[in-house]
Amino acid sequence: MRKPKELKVGDKVAIVCLSSGMLGEDFAKHNLILGQKRLQEFGLVPVFMPNSLKGITYLNEHPEARAQDLKEAFTDPQIKGIICAIGGDDTYRLLPYLLEDKEFIDSVRNTPKLFTGFSDTTINHLMFYKLGMTSFYGPTFICDLAELDHDMLPYTKEVFFAILSEKRENFNII
């Protein structure tokens, strides 16, 4: 299995919406702002992929756009990590656009990147496993980085920091 490199201060991380497009809705504006702030506090530079903020309706109707965002995140050498916005219920619709794309497959195999998400994103973890890359069933942008409080939950913050860094090798999940 190929393991992604740890992230460093100043690294760009892509935010992708592989399922629900709620991050692009007005009612989630506060999540967008808070999540950006918290990524910056970790020393990371958030990059919202071109379709990630187009909303629920658009992304539901265009799985190819969601797949294109993931492909672009993997093929862009400046992007070092990828964080899912949130789960949902139809990520399987992206697989034909990704698993039939030689450029995407080669990018995953040759330049593995940190990838984290949960829920419906399980299908992506299986895809990465089949392509030989380690991924993290872990924090998402909305549910974990952009939780509505003065700070992230302590355990969530510790886990997020651990998967970003070399500490992930020795981190015990409780």
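For Gly55, the shell of other residues with beta-carbons less than 11 Å away shows a net charge of -2, using +1 for Lys and Arg and -1 for Asp and Glu. Compared with the direct C-alpha span, the chain from Lys3 to Asp151 gains 50.3 nm at full extension, assuming 0.36 nm per residue.
Only helices enter this figure: runs of n ≥ 4 DSSP H residues, each worth -39500 (n - 2.57), summed and divided by the residues of the chain, yield -11000 deg cm²/dmol at 222 nm to the nearest 500.
Each residue of region 43-50 was assigned a 3J(HN,Hα) from its phi angle through the Karplus curve 6.51 cos²θ - 1.76 cosθ + 1.60 (θ = phi - 60°); the sequence is x, 9, 10, x, 10, 8, 5, x Hz, with glycine and proline shown as x.
Return, ordered by residue number, the residues of region 1-25 whose backbone nitrogen is under 13 Å from a label point located 7 Å along Cα→Cβ of Val45. Inside the label zone: 8-14.
The overall shape of the chain, judged from the alpha-carbon gyration tensor, is oblate: a/c is not under 1.5, and a/b is no greater than b/c. Counting only residues at least eight positions apart within a chain, or on another chain, the aspartates and glutamates with an alpha carbon under 13 Å from that of Lys157 are Glu41, Asp144, Glu147, Asp149. Among Lys157, Lys102, the ranking by other beta carbons within 10 Å of each residue's beta carbon, starting with the fewest, stands as Lys102, Lys157. Electrostatic bookkeeping for Arg38 treats Lys and Arg as +1 and Asp and Glu as -1; over the other residues with beta carbon under 13 Å from its beta carbon, the sum is -3. For region 1-82, trypsin sites (Lys or Arg not before Pro) meeting the loop criterion (DSSP other than H, G, I, E, B) and having at most 15 other Cβ atoms within 10 Å: Lys5, Lys8. Pick from Asp106, Asp69, Asp144: which residue has the top mean-square fluctuation in a GNM of the chain where Cα pairs under 10 Å get a spring? Result: Asp106 has the largest fluctuation of those listed. What's the extension gain from Leu99 to Gln78 if we count 0.36 nm per residue and subtract their Cα-Cα distance? Using 0.36 nm per residue and subtracting the Cα-Cα distance, I get 5.3 nm.
Remark: relative contact order (the chain) = 29 percent; criterion is Cα-Cα distance under 8 angstrom and separation of 6 or more residues.
Values quoted throughout were computed directly from the atomic coordinates according to the rules given, and no laboratory measurement underlies them. Owing to the predicted nature of the structure, the values given are computational and were not obtained by experimental measurement. All Cβ positions, glycine included, derive from the backbone under ideal geometry; neighbour counts span all protein chains shown.
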